[in-house]
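Student: First, the structure itself, so that you have it in front of you.
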Amino acid sequence: MFSRKRVKLTGKLAFKLTLWYAGIFSISCFAALTVFYFATASAIRQRTDLEILKDAKEFSSTFTNKGMGELKAAMLKEIESEGAGNMFLRLVDRNGEELTFPVGSDWRDSDLGKAAIRRLGGEKEHFFETLAVPGRSHPFRVLTYSIAPGMVTQIGQSLEDDERLMEACSEVLSVTLGLIAVLSAVGGFLFARRALAGVEEVTKAANEISNGAFDRRVEVKDRGEEIDTLAETFNRMVGKIEVLIREMREMTDNIAHDLKSPITRIRGMAEATLIRSNSPKDFELMSGSIVEECDRLLVMINTMLDISEAEAGVAKLALEEVDMAQVVRDACDLFQPVAEKDQVRIVQRLAENAMISGDKTKIQRAVANLLDNALKYTPQGGKVTASVEREDDQVILSVNDTGPGISELDLSHIFDRFFRGDRSRSQPGTGLGLNLTLAIARAHGGDVTVTSVLGQGSTFTMSLPRFPLPADSHLFP
(Lines give C-alpha, C1' and ligand atoms only; values in the text may rest on other atoms or scores of the structure.)
Protein backbone atom coordinates (compact mmCIF):
# COMPACT_ATOMS: atom_id res chain seq x y z
CA MET A 1 0.00 0.00 0.00
CA PHE A 2 2.81 2.39 0.90
CA SER A 3 4.50 1.61 -2.40
CA ARG A 4 1.35 2.48 -4.35
CA LYS A 5 1.01 5.77 -2.46
CA ARG A 6 4.65 6.58 -3.14
CA VAL A 7 4.22 5.89 -6.87
CA LYS A 8 1.08 8.04 -6.90
CA LEU A 9 2.92 10.88 -5.14
CA THR A 10 6.01 10.77 -7.34
CA GLY A 11 3.86 10.68 -10.44
CA LYS A 12 2.13 13.95 -9.62
CA LEU A 13 3.13 17.02 -11.60
CA ALA A 14 3.38 19.09 -8.39
CA PHE A 15 5.96 16.65 -7.01
CA LYS A 16 7.98 16.72 -10.23
CA LEU A 17 7.87 20.53 -10.37
CA THR A 18 8.98 20.64 -6.72
CA LEU A 19 11.95 18.41 -7.49
CA TRP A 20 12.90 20.51 -10.49
CA TYR A 21 12.56 23.77 -8.59
CA ALA A 22 14.42 22.52 -5.51
CA GLY A 23 17.12 20.88 -7.64
CA ILE A 24 17.76 23.87 -9.88
CA PHE A 25 17.63 26.35 -6.99
CA SER A 26 19.92 24.19 -4.80
CA ILE A 27 22.42 23.69 -7.61
CA SER A 28 22.42 27.42 -8.32
CA CYS A 29 22.97 28.20 -4.64
CA PHE A 30 25.69 25.54 -4.43
CA ALA A 31 27.47 27.13 -7.38
CA ALA A 32 27.12 30.61 -5.82
CA LEU A 33 28.34 29.41 -2.41
CA THR A 34 31.24 27.57 -4.03
CA VAL A 35 32.29 30.75 -5.80
CA PHE A 36 31.91 32.63 -2.51
CA TYR A 37 34.01 30.00 -0.69
CA PHE A 38 36.90 30.15 -3.15
CA ALA A 39 36.68 33.94 -3.36
CA THR A 40 36.91 34.10 0.43
CA ALA A 41 39.86 31.67 0.45
CA SER A 42 41.60 33.75 -2.21
CA ALA A 43 40.97 36.96 -0.25
CA ILE A 44 42.37 35.40 2.94
CA ARG A 45 45.41 34.12 1.05
CA GLN A 46 46.04 37.56 -0.43
CA ARG A 47 45.69 39.13 3.01
CA THR A 48 48.25 36.68 4.44
CA ASP A 49 50.65 37.32 1.55
CA LEU A 50 50.35 41.07 2.01
CA GLU A 51 51.09 40.80 5.74
CA ILE A 52 54.14 38.60 5.12
CA LEU A 53 55.36 40.88 2.31
CA LYS A 54 54.86 43.91 4.60
CA ASP A 55 57.05 42.26 7.26
CA ALA A 56 59.73 41.48 4.66
CA LYS A 57 59.80 45.07 3.47
CA GLU A 58 60.09 46.32 7.04
CA PHE A 59 63.03 43.94 7.65
CA SER A 60 64.67 45.18 4.45
CA SER A 61 64.23 48.80 5.55
CA THR A 62 65.59 48.00 9.03
CA PHE A 63 68.66 46.29 7.60
CA THR A 64 69.31 49.14 5.16
CA ASN A 65 68.91 51.92 7.73
CA LYS A 66 70.06 50.33 10.99
CA GLY A 67 72.19 47.33 10.13
CA MET A 68 72.30 43.65 10.96
CA GLY A 69 71.96 44.02 14.71
CA GLU A 70 68.66 45.87 14.55
CA LEU A 71 67.44 43.42 11.89
CA LYS A 72 68.07 40.45 14.20
CA ALA A 73 66.30 42.21 17.06
CA ALA A 74 63.31 43.00 14.85
CA MET A 75 63.15 39.39 13.64
CA LEU A 76 63.35 38.04 17.17
CA LYS A 77 60.56 40.39 18.28
CA GLU A 78 58.36 39.21 15.40
CA ILE A 79 58.99 35.55 16.29
CA GLU A 80 58.07 36.17 19.92
CA SER A 81 54.83 37.93 18.96
CA GLU A 82 53.70 35.24 16.50
CA GLY A 83 55.04 32.19 18.32
CA ALA A 84 58.01 30.06 17.34
CA GLY A 85 55.76 27.20 16.28
CA ASN A 86 53.70 29.37 13.92
CA MET A 87 56.46 31.30 12.17
CA PHE A 88 60.10 31.03 11.15
CA LEU A 89 62.57 33.66 9.95
CA ARG A 90 66.08 33.29 8.60
CA LEU A 91 68.70 35.08 6.57
CA VAL A 92 70.62 33.19 3.89
CA ASP A 93 72.95 34.02 1.05
CA ARG A 94 72.30 33.20 -2.60
CA ASN A 95 73.70 29.71 -2.06
CA GLY A 96 71.29 28.98 0.75
CA GLU A 97 73.85 29.16 3.55
CA GLU A 98 72.33 30.53 6.73
CA LEU A 99 73.69 33.89 7.83
CA THR A 100 71.57 34.11 10.94
CA PHE A 101 68.68 32.19 12.39
CA PRO A 102 67.13 33.75 15.48
CA VAL A 103 64.76 30.84 16.14
CA GLY A 104 65.61 27.74 18.25
CA SER A 105 66.74 24.41 16.95
CA ASP A 106 63.28 23.44 15.71
CA TRP A 107 63.93 25.18 12.38
CA ARG A 108 67.72 25.04 12.20
CA ASP A 109 69.15 23.22 9.18
CA SER A 110 65.66 22.89 7.72
CA ASP A 111 65.45 22.70 3.91
CA LEU A 112 62.08 24.43 4.02
CA GLY A 113 61.89 26.97 1.19
CA LYS A 114 65.50 26.68 0.06
CA ALA A 115 64.51 25.65 -3.45
CA ALA A 116 62.87 29.04 -3.92
CA ILE A 117 66.19 30.84 -3.36
CA ARG A 118 67.47 29.56 -6.67
CA ARG A 119 64.41 30.97 -8.46
CA LEU A 120 65.18 34.53 -7.46
CA GLY A 121 66.99 36.62 -9.99
CA GLY A 122 66.59 39.34 -12.51
CA GLU A 123 63.56 41.49 -11.77
CA LYS A 124 61.95 38.91 -9.47
CA GLU A 125 62.67 40.17 -5.94
CA HIS A 126 60.34 37.83 -4.04
CA PHE A 127 58.64 34.49 -4.41
CA PHE A 128 55.65 32.94 -2.55
CA GLU A 129 54.99 29.22 -2.11
CA THR A 130 52.90 26.99 0.12
CA LEU A 131 54.89 24.15 1.69
CA ALA A 132 54.05 21.20 3.89
CA VAL A 133 56.15 20.93 7.03
CA PRO A 134 56.99 17.44 8.30
CA GLY A 135 55.43 16.76 11.68
CA ARG A 136 52.91 19.60 11.37
CA SER A 137 49.25 19.27 10.42
CA HIS A 138 49.01 22.61 8.63
CA PRO A 139 51.15 23.94 5.75
CA PHE A 140 53.20 27.14 5.79
CA ARG A 141 53.08 30.11 3.46
CA VAL A 142 56.74 30.93 2.73
CA LEU A 143 58.06 34.18 1.24
CA THR A 144 61.58 34.29 -0.19
CA TYR A 145 62.60 37.95 -0.40
CA SER A 146 65.83 39.63 -1.50
CA ILE A 147 66.53 42.39 1.04
CA ALA A 148 70.04 43.26 -0.22
CA PRO A 149 72.51 42.10 -2.86
CA GLY A 150 73.60 38.57 -1.96
CA MET A 151 71.24 38.44 1.04
CA VAL A 152 67.84 36.74 1.14
CA THR A 153 65.31 36.54 3.97
CA GLN A 154 62.75 33.79 4.25
CA ILE A 155 59.57 34.28 6.25
CA GLY A 156 57.26 31.34 6.88
CA GLN A 157 53.77 31.84 8.28
CA SER A 158 51.61 28.93 9.47
CA LEU A 159 48.24 28.69 7.70
CA GLU A 160 46.57 27.07 10.69
CA ASP A 161 44.39 30.08 11.49
CA ASP A 162 43.45 30.54 7.83
CA GLU A 163 42.52 26.88 7.40
CA ARG A 164 40.48 26.84 10.60
CA LEU A 165 38.65 29.94 9.40
CA MET A 166 37.91 28.27 6.06
CA GLU A 167 36.78 25.08 7.82
CA ALA A 168 34.34 27.13 9.88
CA CYS A 169 33.22 28.90 6.74
CA SER A 170 32.75 25.55 5.01
CA GLU A 171 30.62 24.25 7.88
CA VAL A 172 28.46 27.37 7.84
CA LEU A 173 28.04 27.18 4.07
CA SER A 174 27.16 23.46 4.26
CA VAL A 175 24.46 24.11 6.85
CA THR A 176 23.25 27.07 4.82
CA LEU A 177 23.07 24.95 1.67
CA GLY A 178 21.10 22.27 3.54
CA LEU A 179 18.63 24.85 4.81
CA ILE A 180 18.34 26.31 1.32
CA ALA A 181 17.60 22.85 -0.12
CA VAL A 182 14.87 22.25 2.46
CA LEU A 183 13.37 25.71 2.10
CA SER A 184 13.51 25.53 -1.72
CA ALA A 185 11.70 22.17 -1.61
CA VAL A 186 8.99 23.60 0.66
CA GLY A 187 8.75 26.80 -1.37
CA GLY A 188 8.77 24.86 -4.64
CA PHE A 189 5.95 22.64 -3.40
CA LEU A 190 3.87 25.64 -2.32
CA PHE A 191 4.51 27.46 -5.62
CA ALA A 192 3.72 24.31 -7.62
CA ARG A 193 0.48 23.74 -5.71
CA ARG A 194 -0.54 27.34 -6.20
CA ALA A 195 0.38 27.29 -9.89
CA LEU A 196 -1.51 24.03 -10.45
CA ALA A 197 -4.54 25.02 -8.38
CA GLY A 198 -6.24 26.27 -11.54
CA VAL A 199 -5.45 23.03 -13.37
CA GLU A 200 -6.89 21.00 -10.49
CA GLU A 201 -10.05 23.10 -10.59
CA VAL A 202 -10.34 22.55 -14.34
CA THR A 203 -9.87 18.80 -13.78
CA LYS A 204 -12.54 18.80 -11.09
CA ALA A 205 -14.92 20.72 -13.34
CA ALA A 206 -14.21 18.30 -16.22
CA ASN A 207 -15.07 15.34 -13.98
CA GLU A 208 -18.31 16.98 -12.91
CA ILE A 209 -19.18 17.79 -16.53
CA SER A 210 -18.48 14.20 -17.54
CA ASN A 211 -21.11 13.22 -14.96
CA GLY A 212 -23.68 15.47 -16.61
CA ALA A 213 -23.21 18.87 -14.90
CA PHE A 214 -22.99 20.83 -18.16
CA ASP A 215 -23.72 24.13 -16.41
CA ARG A 216 -20.46 23.81 -14.43
CA ARG A 217 -17.85 26.49 -15.10
CA VAL A 218 -14.35 27.22 -13.82
CA GLU A 219 -14.06 30.42 -11.83
CA VAL A 220 -11.56 32.77 -13.46
CA LYS A 221 -9.23 34.22 -10.83
CA ASP A 222 -6.07 36.29 -10.92
CA ARG A 223 -3.71 33.27 -10.85
CA GLY A 224 -1.49 34.10 -13.78
CA GLU A 225 -2.16 34.70 -17.45
CA GLU A 226 -1.72 31.08 -18.58
CA ILE A 227 -4.04 29.56 -15.95
CA ASP A 228 -6.67 32.26 -16.50
CA THR A 229 -6.45 31.72 -20.26
CA LEU A 230 -6.88 27.97 -19.71
CA ALA A 231 -9.93 28.55 -17.53
CA GLU A 232 -11.50 30.97 -20.04
CA THR A 233 -10.80 28.60 -22.94
CA PHE A 234 -12.23 25.69 -20.98
CA ASN A 235 -15.37 27.66 -20.15
CA ARG A 236 -15.84 28.62 -23.80
CA MET A 237 -15.37 25.01 -24.86
CA VAL A 238 -17.88 23.78 -22.28
CA GLY A 239 -20.31 26.48 -23.36
CA LYS A 240 -20.08 25.36 -26.97
CA ILE A 241 -20.45 21.72 -25.94
CA GLU A 242 -23.52 22.62 -23.87
CA VAL A 243 -25.06 24.46 -26.80
CA LEU A 244 -24.19 21.58 -29.14
CA ILE A 245 -25.76 19.01 -26.82
CA ARG A 246 -28.85 21.16 -26.38
CA GLU A 247 -29.13 21.57 -30.15
CA MET A 248 -28.63 17.85 -30.63
CA ARG A 249 -31.42 17.11 -28.18
CA GLU A 250 -33.67 19.64 -29.85
CA MET A 251 -32.74 18.28 -33.26
CA THR A 252 -33.46 14.73 -32.11
CA ASP A 253 -36.84 15.81 -30.76
CA ASN A 254 -37.61 17.71 -33.97
CA ILE A 255 -36.49 14.83 -36.16
CA ALA A 256 -38.62 12.43 -34.16
CA HIS A 257 -41.59 14.79 -34.48
CA ASP A 258 -41.09 15.49 -38.20
CA LEU A 259 -40.50 11.84 -39.02
CA LYS A 260 -43.43 10.71 -36.93
CA SER A 261 -46.01 12.70 -38.90
CA PRO A 262 -45.25 11.38 -42.42
CA ILE A 263 -44.62 7.85 -41.14
CA THR A 264 -47.97 7.98 -39.32
CA ARG A 265 -49.66 9.18 -42.49
CA ILE A 266 -48.01 6.46 -44.54
CA ARG A 267 -49.10 3.82 -42.05
CA GLY A 268 -52.60 5.29 -41.85
CA MET A 269 -53.05 5.35 -45.62
CA ALA A 270 -51.75 1.81 -45.97
CA GLU A 271 -53.94 0.54 -43.11
CA ALA A 272 -57.07 2.30 -44.40
CA THR A 273 -56.55 1.02 -47.93
CA LEU A 274 -56.00 -2.55 -46.72
CA ILE A 275 -59.10 -2.50 -44.53
CA ARG A 276 -61.62 -0.57 -46.61
CA SER A 277 -60.75 -1.24 -50.23
CA ASN A 278 -59.75 -4.01 -52.56
CA SER A 279 -59.77 -1.84 -55.67
CA PRO A 280 -56.49 -1.68 -57.66
CA LYS A 281 -57.09 2.04 -58.17
CA ASP A 282 -57.15 2.64 -54.41
CA PHE A 283 -53.89 0.77 -54.04
CA GLU A 284 -52.37 2.87 -56.83
CA LEU A 285 -53.47 6.06 -55.05
CA MET A 286 -52.05 4.73 -51.79
CA SER A 287 -48.74 3.92 -53.51
CA GLY A 288 -48.57 7.39 -55.03
CA SER A 289 -49.23 9.03 -51.66
CA ILE A 290 -46.60 6.85 -49.99
CA VAL A 291 -44.07 7.82 -52.66
CA GLU A 292 -44.83 11.51 -52.07
CA GLU A 293 -44.40 11.15 -48.32
CA CYS A 294 -41.17 9.19 -48.84
CA ASP A 295 -39.88 11.90 -51.17
CA ARG A 296 -40.68 14.48 -48.49
CA LEU A 297 -38.78 12.41 -45.93
CA LEU A 298 -35.80 12.01 -48.27
CA VAL A 299 -35.70 15.76 -48.95
CA MET A 300 -35.69 16.49 -45.23
CA ILE A 301 -33.04 13.85 -44.47
CA ASN A 302 -30.79 14.96 -47.34
CA THR A 303 -31.13 18.59 -46.25
CA MET A 304 -30.15 17.64 -42.70
CA LEU A 305 -27.12 15.73 -44.03
CA ASP A 306 -26.06 18.74 -46.14
CA ILE A 307 -26.33 21.03 -43.09
CA SER A 308 -24.37 18.61 -40.90
CA GLU A 309 -21.61 18.24 -43.50
CA ALA A 310 -21.31 22.01 -43.91
CA GLU A 311 -21.23 22.68 -40.17
CA ALA A 312 -18.77 19.82 -39.55
CA GLY A 313 -16.44 21.18 -42.24
CA VAL A 314 -16.47 18.07 -44.43
CA ALA A 315 -18.63 19.41 -47.27
CA LYS A 316 -16.44 19.70 -50.37
CA LEU A 317 -16.95 22.85 -52.42
CA ALA A 318 -16.58 22.56 -56.17
CA LEU A 319 -15.14 26.04 -56.60
CA GLU A 320 -15.67 27.91 -59.82
CA GLU A 321 -16.30 31.44 -61.00
CA VAL A 322 -19.94 32.29 -60.34
CA ASP A 323 -21.89 35.32 -61.59
CA MET A 324 -24.23 36.12 -58.70
CA ALA A 325 -26.36 38.39 -60.85
CA GLN A 326 -26.99 35.58 -63.31
CA VAL A 327 -27.75 33.10 -60.50
CA VAL A 328 -30.36 35.47 -59.05
CA ARG A 329 -31.77 36.19 -62.52
CA ASP A 330 -32.21 32.45 -63.20
CA ALA A 331 -33.79 31.91 -59.78
CA CYS A 332 -36.25 34.73 -60.36
CA ASP A 333 -37.21 33.28 -63.74
CA LEU A 334 -37.72 29.90 -62.04
CA PHE A 335 -40.05 31.34 -59.39
CA GLN A 336 -41.86 33.73 -61.74
CA PRO A 337 -44.79 31.32 -62.41
CA VAL A 338 -45.31 30.86 -58.66
CA ALA A 339 -45.20 34.63 -58.13
CA GLU A 340 -47.74 35.25 -60.93
CA LYS A 341 -50.01 32.61 -59.48
CA ASP A 342 -49.96 34.33 -56.08
CA GLN A 343 -50.11 37.79 -57.70
CA VAL A 344 -46.74 38.79 -56.27
CA ARG A 345 -44.37 41.00 -58.22
CA ILE A 346 -40.63 40.14 -58.38
CA VAL A 347 -38.29 43.11 -58.81
CA GLN A 348 -34.64 42.59 -59.77
CA ARG A 349 -31.83 45.08 -59.08
CA LEU A 350 -28.68 43.37 -60.24
CA ALA A 351 -25.20 44.88 -60.43
CA GLU A 352 -22.94 43.81 -63.27
CA ASN A 353 -19.70 41.88 -62.81
CA ALA A 354 -20.73 40.53 -59.40
CA MET A 355 -18.36 37.57 -59.65
CA ILE A 356 -17.41 35.30 -56.76
CA SER A 357 -15.55 32.03 -56.34
CA GLY A 358 -17.85 29.34 -54.98
CA ASP A 359 -19.85 26.17 -55.45
CA LYS A 360 -22.49 27.17 -57.98
CA THR A 361 -24.94 24.39 -57.12
CA LYS A 362 -24.93 25.17 -53.41
CA ILE A 363 -25.19 28.92 -54.01
CA GLN A 364 -28.17 28.36 -56.35
CA ARG A 365 -29.82 26.34 -53.58
CA ALA A 366 -29.23 29.09 -51.01
CA VAL A 367 -30.64 31.78 -53.34
CA ALA A 368 -33.65 29.57 -54.12
CA ASN A 369 -34.32 29.12 -50.39
CA LEU A 370 -34.32 32.88 -49.81
CA LEU A 371 -36.64 33.59 -52.76
CA ASP A 372 -38.97 30.70 -51.86
CA ASN A 373 -39.15 31.92 -48.27
CA ALA A 374 -39.95 35.50 -49.38
CA LEU A 375 -42.68 34.43 -51.85
CA LYS A 376 -44.21 32.05 -49.31
CA TYR A 377 -44.96 34.83 -46.81
CA THR A 378 -45.74 37.70 -49.18
CA PRO A 379 -49.50 38.27 -49.57
CA GLN A 380 -51.30 38.88 -52.86
CA GLY A 381 -50.41 42.23 -54.39
CA GLY A 382 -47.13 42.27 -52.54
CA LYS A 383 -43.61 42.63 -53.85
CA VAL A 384 -40.34 40.72 -53.52
CA THR A 385 -37.16 42.60 -54.38
CA ALA A 386 -33.93 40.70 -55.15
CA SER A 387 -30.85 42.91 -55.39
CA VAL A 388 -27.17 42.15 -55.97
CA GLU A 389 -24.43 44.70 -55.38
CA ARG A 390 -20.67 44.83 -54.97
CA GLU A 391 -19.22 46.21 -51.77
CA ASP A 392 -15.42 46.28 -51.38
CA ASP A 393 -14.31 42.65 -51.52
CA GLN A 394 -17.81 41.19 -51.09
CA VAL A 395 -20.94 40.58 -53.12
CA ILE A 396 -24.15 41.34 -51.24
CA LEU A 397 -27.47 39.62 -52.07
CA SER A 398 -30.58 41.10 -50.46
CA VAL A 399 -34.07 39.61 -50.68
CA ASN A 400 -36.79 41.92 -49.38
CA ASP A 401 -40.48 41.08 -49.07
CA THR A 402 -43.60 43.00 -48.06
CA GLY A 403 -44.92 40.25 -45.85
CA PRO A 404 -46.15 40.39 -42.26
CA GLY A 405 -42.64 40.56 -40.79
CA ILE A 406 -41.05 38.54 -38.01
CA SER A 407 -41.53 39.13 -34.28
CA GLU A 408 -38.56 39.94 -32.06
CA LEU A 409 -38.98 36.61 -30.27
CA ASP A 410 -38.88 34.61 -33.49
CA LEU A 411 -36.15 36.74 -35.05
CA SER A 412 -33.48 35.41 -32.64
CA HIS A 413 -34.32 31.80 -33.63
CA ILE A 414 -35.04 32.28 -37.33
CA PHE A 415 -31.89 30.39 -38.41
CA ASP A 416 -32.29 27.56 -35.91
CA ARG A 417 -32.75 24.07 -37.27
CA PHE A 418 -36.44 23.02 -37.52
CA PHE A 419 -37.60 26.38 -36.18
CA ARG A 420 -40.95 27.54 -37.51
CA GLY A 421 -42.67 30.68 -36.29
CA ASP A 422 -46.35 30.96 -35.50
CA ARG A 423 -47.20 32.37 -38.94
CA SER A 424 -45.23 29.66 -40.76
CA ARG A 425 -46.94 26.67 -39.21
CA SER A 426 -49.76 26.92 -41.75
CA GLN A 427 -47.24 26.86 -44.62
CA PRO A 428 -45.61 23.74 -46.02
CA GLY A 429 -41.96 23.22 -45.11
CA THR A 430 -39.50 21.52 -42.76
CA GLY A 431 -37.90 24.51 -41.03
CA LEU A 432 -34.49 23.64 -42.52
CA GLY A 433 -34.25 26.04 -45.47
CA LEU A 434 -32.82 29.09 -43.69
CA ASN A 435 -30.50 26.94 -41.57
CA LEU A 436 -29.13 25.34 -44.74
CA THR A 437 -28.72 28.76 -46.38
CA LEU A 438 -26.70 30.00 -43.41
CA ALA A 439 -24.53 26.85 -43.46
CA ILE A 440 -23.80 27.28 -47.18
CA ALA A 441 -22.92 30.97 -46.77
CA ARG A 442 -20.56 30.27 -43.87
CA ALA A 443 -18.95 27.40 -45.73
CA HIS A 444 -18.04 30.00 -48.39
CA GLY A 445 -16.67 32.39 -45.78
CA GLY A 446 -19.79 34.55 -45.79
CA ASP A 447 -22.85 35.08 -43.61
CA VAL A 448 -26.61 35.64 -43.64
CA THR A 449 -28.42 38.27 -41.58
CA VAL A 450 -32.04 39.36 -41.29
CA THR A 451 -33.89 42.53 -40.40
CA SER A 452 -37.65 42.75 -40.03
CA VAL A 453 -40.43 45.17 -39.13
CA LEU A 454 -43.82 43.79 -38.17
CA GLY A 455 -46.42 44.70 -40.75
CA GLN A 456 -43.83 45.93 -43.28
CA GLY A 457 -41.79 42.90 -44.25
CA SER A 458 -38.36 41.33 -43.85
CA THR A 459 -34.98 41.58 -45.55
CA PHE A 460 -32.53 38.68 -45.71
CA THR A 461 -28.97 39.64 -46.65
CA MET A 462 -26.35 37.12 -47.74
CA SER A 463 -22.75 38.36 -48.06
CA LEU A 464 -20.13 36.30 -49.88
CA PRO A 465 -16.42 37.04 -50.49
CA ARG A 466 -15.47 37.89 -54.07
CA PHE A 467 -11.95 36.51 -53.95
CA PRO A 468 -11.08 32.82 -54.34
CA LEU A 469 -11.11 30.75 -51.17
CA PRO A 470 -8.08 28.66 -50.08
CA ALA A 471 -7.72 25.01 -51.01
CA ASP A 472 -9.21 23.81 -47.70
CA SER A 473 -12.29 26.02 -48.12
CA HIS A 474 -14.55 23.11 -47.34
CA LEU A 475 -13.76 23.68 -43.67
CA PHE A 476 -16.63 25.25 -41.82
CA PRO A 477 -15.55 28.41 -39.93
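Student: Roll a 1.4 angstrom probe over the protein heavy atoms and tell me the percent of accessible area of the stretch 133-224 that is carbon or sulfur.
Tutor: The C+S portion of the solvent-accessible surface of the stretch 133-224 is 59 percent.
Student: If you don't mind, another one. Multiply the residue separation of ASN65 and GLU232 by 0.36 nm, subtract the distance between their alpha-carbon atoms, and state the gained length in nm to one decimal.
Tutor: 51.4 nm
Student: Pop out the carbon and sulfur fraction of the accessible area of the stretch 368-415 as a percent, whole number, probe 1.4 Å.
Tutor: Using a 1.4 Å probe with all protein chains present, the stretch 368-415 comes out at 44 percent carbon and sulfur.
Student: Additional query: Over 23 Å between Cα atoms: which of LYS362/LYS383; LYS316/LYS360; LYS260/LYS281; LYS260/LYS360; LYS341/LYS376 fall into that group?
Tutor: Cα-Cα > 23 Å for LYS362/LYS383; LYS260/LYS281; LYS260/LYS360; rest within.
Student: Give me the number: length gained by fully extending LYS16 to ASP215, i.e. 0.36 nm times residue separation minus the C-alpha to C-alpha distance, one decimal in nm.
Tutor: Full-extension gain reported as 68.3 nm.
Student: Taking θ as phi - 60°, what are the ³J(HN,Hα) couplings along the stretch 24-36 by the Karplus curve (6.51, -1.76, 1.60), each to the nearest whole Hz, with x for Gly and Pro?
Tutor: Per residue, the Karplus-derived 3J(HN,Hα) values read 5, 5, 5, 4, 5, 5, 4, 5, 5, 5, 5, 4, 4 Hz.
Student: With the Cα gyration tensor of the stretch 309-380 giving a ≥ b ≥ c as the square roots of its eigenvalues, does the rule (a/c under 1.5 for rounded; else a/b larger than b/c for prolate; else oblate) give rounded, prolate or oblate?
Tutor: Oblate, because a/c is 1.5 or more while a/b does not exceed b/c.
Student: Once both labels are modelled 7 Å past Cα along the beta-carbon direction, what's the ALA43-LEU183 spacing in nm?
Tutor: Using points 7 Å along Cα→Cβ, the separation is 2.0 nm.
The values are calculated or read from the model by the stated rules, or taken from the named source; none is laboratory data. From a predicted model like this one, the values you see are computed outputs, not experimental measurements. All Cβ positions, glycine included, derive from the backbone under ideal geometry; neighbour counts span all protein chains shown. Ligands, DNA and RNA are stripped out before the accessible areas are found, and what is left, the full protein with its side chains, is counted by its heavy atoms. Shrake-Rupley method; radii C 1.70, N 1.55, O 1.52, S 1.80 Å.
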